[in-house]
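A short worksheet on the structure shown next.
Derivation of every value follows stated rules applied to the coordinates shown; laboratory data play no part. Predicted model only: the values in this text are computed from it and were never measured. Cβ coordinates were reconstructed from backbone atoms using ideal geometry, including for glycine residues, and neighbour counts include every protein chain displayed.
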Amino acid sequence: MCWPMRIIIWFIIFWLYPLSSLAVSEFAVADSFRFEGRTVSNESPVPAVIINIYLDGKRIKQLLTSRQGTFVLYLRYNKEYTLELVKKGFFIEQVVIDTKVSDKLVKEGGIDIAIDNDIPVFEIYPEIKAETFDKPILYYVYNERNYYFEVDRRRSKPVSGLAGQIKGIKNRSANAEYKQALNLIKVKNLVEAYISLKKVLELSPSHAQAIAKLKEVENQLKGTDSLDRAYENFIRKADELRKSGKNYQAQMLYKRAAMINSKDAYAASYVHRIDSMLSYQYSERKDEFDRLRAKGDAAFKSGKLDEALDYYTKSLEIIPEDVYVNRQIAAVRKAVENEKKKKEQEEKQRIVVYNQLLSEALALRQKKDYQHAIDKYRQALALEYNNSEVNRLMTETAAAMQQEKMERDYADTIRLADEALANKQYAAAAQLYQAAAKIKPGERYPLQQLEIINREEGQKSKKKEGLKHESFSATHKKTTPPADLNLLLKSYRSAKGIEKYSLAQKIAAEYVRAGKTDSAKIFLEEALASARKNNQLTYVVSLLEDRAMMFFSEGDFSSAIAAFDEAIATSLKMADTLTAIRLMEIQSQNLVNTYQYDRALAYIDRTIELAWKLRDTSRVTEFTTDKGDIYHVQNQYQQAMEYYRNALSLAEKTGDRKMQSLLRNNLGVLYFKMGKLDAALNEFNRAVRIGHNHSKEVAFSYNNIGNIHYAHREYGQAIDYYNKSVKIKEELEFQAGIGVTLYNIATAYLELKKLAEADTLLKRSISIAKSYQFIELMQQSYLTLARVYELANDFRGAVQVYKDYAAIAIAPVSIQSPVLETGFLYGKDKNVNFNYLRKELYRQKILADNRALINKQKEQELMIKDMELQQQRSKVVRFRSLFLFSILSVILLTILSLQIFKRYREKRMLNEMISFQNRQLTDSITYASRIQQAVMPPEEVVAGYFSDYFILNLPKDIVTGDYFFVAEVEGKIYVAVADCTGHGVPGAFMSILGISLTKEIILMQQRALHANEVLNQLRLALINALHQQGREDEAKDGIDIALCVIDREKHTLEYSGANNPAYIIRKGELIELKADRMPIGIHPILKDFDAHVVEILDNDTIYLFSDGYRDQIGEETLKKFRRDEFARLLVDIHSLPMSEQKEKLYQRHLQWRGSLEQTDDILIMGLRV
């Protein structure tokens, strides 16, 4: 607003407003009428209220009520005006005036004038809910019969009793002020006592004690000038504050002056002038206040507590007394305090876990289990507490592990070398001694043995060179190298600098081709040492990469990965970002193929970060997809889906249709594995539409659409889509993919019992898998082919196929049947052959197992020899045994009799001990049942919420797996009945866990949760508490529950259930609230629980129950009680008092059960509203 306009407004407020006694909206116009009103509080006029007039959502006029609170509006017919009333210290409220009248009334002259329309305004007190004013408090409509405006109660916000409530608040405030006045009188501060008593009468004009006490004070002040001096002092200070712009403080002093001398208009006029000005400012900044409050609410809801507190604080600068904002600030501060306590608790827990991990690592180090100790140190590092100390300990442990490995390798190598030397295998012994010398260069023993070998072979002239150099000329002198290698070696000796590094790589490559990897390594190591010394970092990276590949070829994966790590670090050091990205991408795949997923993810994150710096969105898309693949491989489907969607968003921005098609296919595979076949089919179809007609990605999707039909047992349609996939793959010459889909077609033919076709296709699939070393496909095809032979009764063929399957040295089958195709199924061309890696890893495991097996076999052979020796000895003594048998028989019979008697006594004592232990166990379980009952709400708590109710709790054993819960949050009553997996002690453990989690979720929130929100959070908490992963071999523990949230103010009941329904019986009719068909716990389909909201009426009867009553087996029928019979029973007895209903249910249960054992825990809760 410009300064001239501000000056005009101030002029109007300070000079024209005091001259007027009535606020008028505008002059009368045609087709309008005069509406006169007044703003009042407890029938007393409220002046200086800003009235913003809105029509069709736009503000058309603003006016200020007079000193008597009156105002005049000229309103047109058949319009709906909204009046927004704004005054500092009062709630902002809305009033609607509907001027709709009949045409007949308009023709007859219309409304002459509408008078005596009092509009209540309400002062802000913390006890009053701000939500009261979230809709119009008054909705005026014209009553043509009686010729006046009346309030439409149906469309108005109920505020009945609000004026009386405010009057009560004022009376309490008046009493508190009166006590303060008495204290002031005691200390002889009569002027302040006089003002305080005036405040009392302002709050409660009929306060008899204050009236009498005010007269006493006036008499005591009579004849003194104390009041006059106080008045002049207040006026002087107020004028100073007003002139310095501190209007609010000035107004407070003017009010005190007006209380002392109410006849002087000076103080009263300035009170009203400032009041008017503040109201205008208040009104103008209301929109800003609303924006700040909304931002605070959004920040609070999203958990940004500091940001929410900042917004709320700024909004209070505009309206300091706003109740809602003050309440929210208190809630935020409480949440901040809770968050602080939570972090402190987490920090304490973190330190405990940290110290525990260090202790466990130390114990493992002492046991020389270094690898597991390092794993513990890595877990401690993840806690980010005193990382320098952990890194030091981990470095020491790694060094110790390396030292132990070196000692072990050295000892094994020396042992094998000594054996070879003893067998006069000099060439093998020489190589092994040279290897041992490399492992421990300072050891003299291998060098001495090499001298012995050289003497034995008559090669004394070459002994020194063989001891001094571990080079190609020493190790492979007997082998004549190729002519080109000779030339390279000759050039290498005279080369220097960069040329020498390049020649070393070429020589190493030639030796690798010749199968001489040891010689190749020598040249690479020598070149690498020289490159490091001369700081030739580019060649260091290249040589390290060759070195890593060499280690991979030997199966030394840890050394290969370490070499790649060093190459990556060197690339980053020389700021060669592209090389670093390439190496990190290869390294991440190597780590995945060696099952080091966490390290692989760390490298993927770094490649994404570097790709963003290069602004290479296509690489970011590719690496984000790789990250999703890693989570996918670990069966972490939610995380995989998140990263696939992030990558898809990037691919859509760049228009990369190939990646879009691949990612849609990957998402479909995830949905398929999660059991959401419709969602999977939708993604596969979208992948086909997005991708190019003859692309590999479309072929994947056609294959996977075939799998959808296979899952639905539509084998003919599945084969059609499989054939579409094969056709595209044949055009692309994608043999590995053809093998996969041929296998899928074969499985479909197998289901159709077309064994000949399945046989042919499986053999083709095996042939392709062999040529591409696709081991998993080869295994799966062999197993399926064996099944084909078994169904054809060709058992000899089946045995042969099983033998072929067993000959494959790789881990058990790891792909599904039929096979779902994704990009990562086939690996990346740029990476080391991952099938080889996995095969080699498993081969090494088999070799280790075989060595253990051989050792065990040797032990068994020794035992067998001992047994044979013992058998021979037993033959010698057998004759003697027969001779002595007759004598010993008598002795044995005597001893046997004594033993029988002894055993009888022992058995009797044992029975007494068992009986004693049973009593102890029963007493312990009985005590546990008391603890369990104490955890559940006592019936006194339930009685506090419901006057008429019953709880029928019949555990099958002493303790129960069922529980109930009752609590109130923000006026809403939560009632739940739950049935945990199992009964007895296991069920009791689950019930205590369930009720603890239920209580924590409902009572520890910042707001009252909806019923389905409680169940969603309870399911997540239980899965985390039980560490459920969804594996087939894990226990499927869970909870069935029915939860109701009763809002008595709104007369509603909100229900959500997991397998357990709820019944409402109203006037003899049963209303069933159906539950979702899934438990609280892990489940193939994890969707959000539904919420059902129903209106509840007086005398409605609500029943919550577990399934124990309905599942009870009857003695006469040997069948369950059944659901419909249970419902009929409840309808028959619902009108009885609750105590009688409980007894009827119990007696009917006993009658039905008869002499049979109780089947399950029983819990039924009945409530009458």
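Quick notes on this structure:
- Length gained on full extension, D290 to A1025: 260.4 nm, using 0.36 nm per residue less the C-alpha separation.
- In order through region 1115-1128: 3J(HN,Hα) via Karplus (6.51 cos²θ - 1.76 cosθ + 1.60), integer Hz, x for Gly, Pro: 5, 7, 9, 6, 10, 6, 5, 6, 5, 5, 5, 5, 5, 4
- Residues in region 554-590 reached by a label modelled at R532 [backbone nitrogen below 18 Å; 7 Å Cα→Cβ]: 558-574
- Fewest neighbouring Cβ atoms within 10 Å first, the residues H272, H1092 line up as H1092, H272.
- Counting all C-alpha pairs of region 224-369, share separated by more than 17 Å (%): 73 percent
- Residue pairs, from the table K673/K753; K179/K213; K368/K521, whose Cα atoms sit over 20 Å apart: K673/K753; K368/K521
- Separation of the E652 and A792 label points, Cα + 7 Å toward Cβ, nm: 5.0 nm
- Residue order, fewest to most surrounding Cβ atoms within 10 angstrom, among F950, F774, F824: F824, F950, F774
- Computed lengthening from R392 to T1117, 0.36 nm per intervening residue step minus Cα-Cα distance: 253.7 nm
- Distance violations [Cα-Cα > 23 Å] among K304/K342; K972/K1036; K301/K342: K972/K1036
- With neighbours defined as other Cβ atoms within 10 Å of a residue's Cβ, the residues S1106, S388 order from fewest to most as S388, S1106.
- Each residue, T82 and I452, gets one label point 7 Å from its Cα in the Cβ direction; the gap between the two is 10.3 nm.
- Calculated from backbone phi, Karplus (6.51, -1.76, 1.60) coupling profile of region 112-123 in Hz, x at Gly/Pro: 6, 7, 10, 10, 6, 9, 7, 10, x, 10, 10, 5
- Modelled label positions at D306 and M574, each set 7 Å beyond Cα in the direction of Cβ, lie 4.3 nm from each other.
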